[in-house]
Amino acid sequence: MGKVLVRLLTIQALVGLVIAAGFFVYAGLGGAVAAIFGVFIGLGVTLLLGWRMARASRSGVSLAPLMMGAAERMLFVCVAFGVGIAWLRLAPVAILVGFMGAECSYYVLAGPMRRYMVASMGRQANGD
């Protein structure tokens, strides 16, 4: 689980850097900073999900922590957007695009990444 999470975070960060570079060219430093803030929100959501999944994967644990984690992630996103827009006065569109880029890269790559890691771990366990 740890390798998959690190790779997903790395890919999300790389996609975020591309988005931030685009906003730097289009809107200057302020747009790039706002996009990076949005990417960090996406990375935080991924970390929270990974942490909750690791805790829920232990034997004898109910699914309640996963449900609580979903609410926790939604609250985190709402508060982070509020802080970025209202308190830090960052560009809302850039924050949203950075967040969407990080989240879309997660959803596009999570399934294939997991299948690849499970397959490679299976080969290692079989000695192939």
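The values are calculated or read from the model by the stated rules, or taken from the named source; none is laboratory data. This one's a predicted model, so the numbers in the text were calculated from it and none came from an experiment. When we count neighbours, we look across all protein chains shown, and the Cβ atoms used for this are built from the backbone with ideal geometry, even at glycine.
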Exercise. Would you point out which residue out of Arg52, Arg58, Arg73, Arg7 is among the basic types (Lys, Arg) and not in a helix (DSSP H, G or I)?
Key: Arg58
Self-check item: So Gly42, is it of a type in the set (Gly, Ala, Ser), closer than 19 Å to Leu109 by Cα and not in a loop (DSSP other than H, G, I, E, B)
Solution: yes
Exercise. Just name the residue that is surrounded by the most Cβ atoms within 10 Å (Cβ to Cβ) out of those in the range 18-39 that are over 12 Å from Val97 (Cβ atoms) and in contact (Cβ under 8 Å) with a residue 12 or more places away in the chain.
Key: Val33
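Tell me, yes or no, whether the range 41-48 has at least one residue that is without any contact (Cβ under 8 Å) to a residue 24 or more places away in the chain and of a type in the set (A, V, I, L, M).
Of the range 41-48, the ones without any contact (Cβ under 8 Å) to a residue 24 or more places away in the chain are none.
No, every residue in the range 41-48 fails to be without any contact (Cβ under 8 Å) to a residue 24 or more places away in the chain and of a type in the set (A, V, I, L, M).
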Quiz item: Restricting the first residue to the range 97-111 and requiring it to be more than 8 Å from Leu8 (Cα to Cα) and crowded, with 20+ Cβ neighbours inside 10 Å, which pairs with a second residue that is at pLDDT 85 or above and hydroxyl-bearing (Ser, Thr, Tyr) meet a Cβ separation below 8 Å and a spacing of at least six or different chains?
Solution: Ala102/Thr46
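Each row is one residue, and each column tells you yes or no for (1) in a helix (DSSP H, G or I); (2) small (Gly, Ala, Ser); (3) modelled with pLDDT of 85 or more.
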{"residue": "Phe81", "(1), (2), (3)": "yes, no, yes"}
{"residue": "Ala86", "(1), (2), (3)": "yes, yes, yes"}
{"residue": "Arg89", "(1), (2), (3)": "no, no, yes"}
{"residue": "Val97", "(1), (2), (3)": "yes, no, yes"}
{"residue": "Met100", "(1), (2), (3)": "yes, no, yes"}
{"residue": "Cys104", "(1), (2), (3)": "yes, no, yes"}
{"residue": "Leu109", "(1), (2), (3)": "yes, no, no"}
{"residue": "Arg114", "(1), (2), (3)": "yes, no, no"}
